[in-house]
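Worksheet for the structure shown next.
The values are calculated or read from the model by the stated rules, or taken from the named source; none is laboratory data. Every value quoted in this text rests on a predicted model; they were computed, and no experiment measured them. Note that we place each Cβ from the backbone using ideal geometry, even for glycine, and neighbour counts take in every protein chain shown. Protein only, heavy atoms only, side chains kept; ligands, DNA and RNA dropped before computing areas. Shrake-Rupley method; radii C 1.70, N 1.55, O 1.52, S 1.80 Å.
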Amino acid sequence: MASLSRFLPAALFAGTFTICAALLSQGLRAATPMPHMTVLSDKLAFWRENAANYDTLFIGTSRTFYHIDPVTVAASAAAEGCPDVRAFNFGVYGLNGAELDWLVDEVLSAPGGDLRTVVLEDPLPQAHTMADTTNTRSRWFHAPAYWRGALGNIASYPESLPKRIFRTGIFVYGAGFDLSGAGLGAALAFPPAYTWTSTADYLDMDGYEPLGTIQTDNIRARRAEFLANPDGFTAAMARYGAPSDEAVTARADYLVERLRAIEARGIEATFYVSPELIELDRTPRIGAAVAEIAPDMSVLNYNQPDLYPDLFKRDQWHDFSHLLPAGAERLSARVGADLCRSLKRTDGGMTDAVR
């Protein structure tokens with residue numbers, strides 16, 4: 001007992017310090033604006049001013065940002081018999097589950113909105129590195145308000161149990177980093193020396209950016225890796241239809257829950273599965289599982305080389321995750337036509353083009 005009493009003051013100090021730091025961190029958060037986040041902040045500000053101009057909204061990751069051209073979607077829908085589609089691309093690179101839940105609430109609550117359809121892509125998993133969980137954007141979305149969304153994203157993602165445990169540990173680290181106030185305090189004490197200037201040309205294209213319009217080190221590196229590894233394309237294609245022990249039912253349930261929440265607000269919800277080479281063993285099965293769980297719901301599942309061979313030629317791809325602009329235009333034309341067929345479907349079920 002005496003030995004334990006020696007540690008009591010230290011434990012009390014640590015507990016008191018932790019509580020005070022957490023309270024200070026949350027107080028500072030409430031008193032400061034949300035930091036600027038590339039693409040996400042620009043699109044959200046634009047949407048709040050222009051929501052009434054659109055009736056169809058695509059929300060997703062860089063597979064939405066770089067793959068969905070609203071002008072082509074609208075033209076293709078018109079050719080199919082739906083002349084009034086007004087689409088906006090709210091794709092944000094790196095969008096994970098906690099961010100998606102928050103973003104859906106934000107865009108659906110924008111004043112003056114006139115949405116008829118929301119097309120939702122499966123978000124990315126939560127971060128798996130400490131660096132990616134302590135940057136400005138990630139830190140912001142590790143606040144207590146986003147814990148449920150983050151943990152739901154981790155728990156449902158079709159990965160092995162050790163991987164999910166590891167992601168949970170990284171999440172706990174990120175949550176602790178935010179609660180400590182270290183990141184926010186540093187940002188307030190040492191503000192950036194630069195002034196942000198937006199180059200958001202994608203806002204002139206209803207949120208779409210053809211991949212390669214703006215070159216970054218990451219974009220160049222991904223392109224170089226793809227060009228230098230032709231065998232990687234063949235290996236990726238071989239994943240399609242290969243046996244997998246990754247269960248996708250929990251992920252499908254997770255997605256249907258979010259799609260139903262959109263429908264509950266009087267908006268048609270559609271699930272979109274983008275072509276993506278490195279996910280050919282996973283996302284086609286998730287799309288099929290969503291369609292099975294919610295047979296009344298539109299599922300646009302394009303990550304299927306046997307059904308869409310023109311989208312899976314190597315010269316259509318920028319890297320192992322993204323189509324080149326020519327491939328994106330071809331995909332957008334299909335999306336527009338299929339969206340129109342979905343809108344016109346009868347109560348008897350889906351058309352053959354909507355899977």
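Structure summary
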| item | result |
| --- | --- |
| Count - residues of the stretch 112-141 that are open to solvent by less than 10 Å² (accessible area, probe 1.4 Å), more than 13 Å from the chain's Cα centre (by Cα) and either of a type in the set (Lys, Arg) or within 29 Å of PHE177 (Cα to Cα) (or both) | 2 |
| Any pair with Cβ under 6 angstrom, 6 or more apart, that starts in the stretch 88-101 at a residue that is under 17 Å from ASP253 (Cα atoms) and without any contact (Cβ under 8 Å) to a residue 60 or more places away in the chain and ends at one that is of a type in the set (Phe, Trp, Tyr) and open to solvent by less than 10 Å² (accessible area, probe 1.4 Å) | ALA98/PHE141 |
| Some residue of the stretch 279-301 being farther than 21 Å from CYS340 by Cα, crowded, with 18+ Cβ neighbours inside 10 Å and of a type in the set (Val, Ile, Thr) | yes |
| Number of the exception - ALA98 against (1) within 28 Å of THR133 (Cα to Cα); (2) not in a helix (DSSP H, G or I) | (2) |
| Pick from the stretch 160-173, criterion in contact with a helix residue (DSSP H, G or I) (Cβ under 8 Å, 6 or more places away or on another chain) and either open to solvent by less than 40 Å² (accessible area, probe 1.4 Å) or in a loop (DSSP other than H, G, I, E, B) (or both), ranking: nearest to PHE271 (Cα to Cα) | ARG167 |
| Residue satisfying all of: in the stretch 95-105; of a type outside the set (A, V, I, L, M, F, W, C) and either open to solvent by less than 10 Å² (accessible area, probe 1.4 Å) or over 18 Å from THR136 (Cβ atoms) (or both); farthest from the chain's Cα centre (by Cα) among these | ASP105 |
| Of all residues in the stretch 245-275 being touching a residue at least 40 places away in the same chain (Cβ under 8 Å) and among the basic types (Lys, Arg), the one that is least open to solvent (accessible area, probe 1.4 Å) | ARG251 |
| Residue check, ALA242 surrounded by fewer than 20 Cβ atoms within 10 Å (Cβ to Cβ), hydrophobic (A, V, I, L, M, F, W, C), over 17 Å from the mean Cα position of the chain (by Cα) and closer than 24 Å to LEU161 by Cα | yes |
| Entirely in the stretch 23-94, the helices (runs of 4 or more DSSP H) that have 1 or more residues that are open to solvent by 20 Å² or more (accessible area, probe 1.4 Å) and at pLDDT 95 or above | 70-79 |
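This table checks each residue for (1) at pLDDT 95 or above; (2) open to solvent by 50 Å² or more (accessible area, probe 1.4 Å).
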residue: ALA189; (1), (2): no, yes
residue: LEU203; (1), (2): no, no
residue: THR216; (1), (2): no, yes
residue: THR234; (1), (2): yes, yes
residue: LEU277; (1), (2): yes, no
